[in-house]
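Here's the structure, in structure tokens; my notes come after.
The values are calculated or read from the model by the stated rules, or taken from the named source; none is laboratory data. Keep in mind that what you see is a predicted model, and the values were worked out from it rather than measured. Here the Cβ positions follow ideal geometry from the backbone for every residue, glycine too, while neighbour counts run over all protein chains shown. Accessible surface areas use protein heavy atoms only, side chains included; no ligands, DNA or RNA. Shrake-Rupley method; radii C 1.70, N 1.55, O 1.52, S 1.80 Å.
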Amino acid sequence: MALDAPTTSSSTMFAPWPDRLRHSAIILLAAALVLGLLVLFDELLPFRALIAFLCIAAAALVPWRLHSAAVAREDVRGANPVEAPAVSALVAGMPDPAVLLDRAGRVIHLNAAAAQLAPALRRNELAQFALRSPEIITALREAIATTEPRRATYLDHVPVDRWMELVITPVPVPTAFGGTDKCMLMTFHDLTPLRRVEEMRADFVANASHELRTPLAALSGFIDTLQGPAKDDAKARERFLGIMHAQATRMARLIDDLLSLSRVELSAHVRPDTSIDLIPIIRQVADGLEPLARERQVVVEIDLPDSPVTIAGDREELLRLFENLIENALKYGASGGRVIVSLAAAVSGEGTPEIRVKVRDFGPGIAPEHLPRLTERFYRVDVGDSRMQGGTGLGLSLVKHILNRHRGRLLIESVPKNGAAFTACFPQQKPGVAK
Ligand code: ADP
């Protein structure tokens, strides 16, 4: 493997040299001794002995020189920085998927994230074969030809849709021969979260405009009628003004909910730290909704402890939260004729103590397929029913955000035809934490 190349070459370069030299020295020493003795006993002429010694010396030294030259050549190849472990470690250590290509578009290195993103990418194979998008192939060709960075979009559909921006950056990598090799560094940046936020923002604006436009259209329609055909009709004027008042109230409520939602979102990261007793807050909301309960002929049963139950909370937000839950129960569960608001201490799934406030009604309930989407903005089970009730479709979304800020959670249980129960769970206040 390329990673091992320089280590191997450096060991062959340095470790065997003294051994080989030592062997040559021993041979030369032995040859000198034998030849010296032969000359000493007049068995060999000194001139011939010298010739023989030179031949032996050449035989001992030349193969060693040849070997060292071969090792040096091998080392030059192995020390190519493109293959060096540092380059490979750099690519491997990049947080995003990254691939290093040679000037032909062949993969030299790729990190684990890239291998996971595009399993067809293989070392020593052309990247074009793996990333078959014409846009990417063009970008790669252009980056190689112009040595300028190029961008392309990479779409992945498995296991979920992902949008990636692919950036191809030419990088000159120095070679062992003093020049540079033009390589291409290909990095992928996941734009999926940004894209999702962008889609959500666009949906939100479209929904909010639609919700505002509906009552606005009704208002201007009635204004036209009152100025024209119904100008002198006192009875019709009275009726239309009543409808206009309801529409204007709905618009005001929608704007109110939108502002509350954005306020809660803005402070989502700041957990409320004021000690609040939940009991008077729940009672205040229930008292305020008494006229609505009477109008809908619903009996509200309040089952709360006598002693204070404090949590770290924001008073205004908690009023809003319970108002939404109890009002929904009175509006959508009115047919059950009964709503129970209760408070109890419990233990969460993670084993932490919490306070649960449950609002239970005995109305038509909610079909299970709607439950996971109820806290989405503008989601309603029945849009017409919600509008008739003066709903904005933002109430439960606001409840969820307020609970998130309080580090709590919302439990929704429902049995169709047997009512629904919405439970707000708050972490129990640790002694001495809140003011
Ligand atoms: P809305 O302003 O429409 O009431 P919410 O976010 O408060 O908006 O509620 C979303 C939808 O959830 C409602 O339109 C309604 O269809 C459904 N819903 C909420 N509470 C209840 C309930 N207690 N019983 C039945 N359906 C409910």
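Non-local lysine pairs in the chain, meaning eight or more places apart or on different chains, with alpha-carbon distances under 19 Å, amount to 4.
Roughly speaking, to the nearest percent, how much of the stretch 270-435's 1.4 Å accessible area is carbon and sulfur? Carbon-and-sulfur percentage of accessible area, whole number: 51.
Starting from the Cα of residue 299, step 7 Å toward the Cβ, then list every residue of the stretch 333-367 with an amide N under 11 Å from that point. Residues 337-339 qualify, since their backbone N sits under 11 Å from the label point. Once the chain from residue 371 to residue 389 is taken as fully extended at 0.36 nm per residue, the excess over their C-alpha distance is 4.5 nm. Of all the options 370, 157, 109, the one that moves most in a Gaussian network model of the chain with Cα springs shorter than 10 angstrom is 157.
The calculated FRET efficiency for the pair residue 27 and residue 192, based on their C-beta separation and a Förster distance of 51 Å, comes to about 0.10. Under a Gaussian network description of the chain, with springs only between Cα atoms under 10 Å, the residue in 35, 117, 325 that fluctuates furthest is 35.
Of the residues 244, 184, ranked by 1.4 Å probe accessible area with the largest first, the sequence reads 244, 184. At the residue level, residue 379 shows approximately 50 square angstrom of accessible surface with a 1.4 angstrom probe and all protein chains present.
If a/c stays under 1.5 just call it rounded; otherwise compare a/b with b/c (prolate if a/b is bigger, oblate if not). Do that for the stretch 92-133, with a ≥ b ≥ c from the square roots of the Cα gyration tensor eigenvalues. The shape class here is oblate. For the options 50, 394, 261, a Gaussian network treatment of the chain with springs between C-alpha atoms closer than 10 Å singles out 50 as fluctuating the most. The angle between the Cα long axis of helix 395-405 and the main principal axis of the chain comes to about 50°, on a 0 to 90 degree scale. Remark: the chain carries 57 Å² of accessible area per residue (probe radius 1.4 Å; ligands, DNA and RNA excluded). Split the accessible area of the stretch 119-168 by element, probe 1.4 Å, and carbon with sulfur accounts for 54%.
Here the accessible area is traced with a 1.4 Å probe on the protein chains. For the stretch 194-266, carbon and sulfur cover 62 percent of it.
Counted residue by residue at 0.36 nm each, then reduced by the alpha carbon distance between them, the extension gain from residue 224 to residue 269 reaches 11.5 nm.
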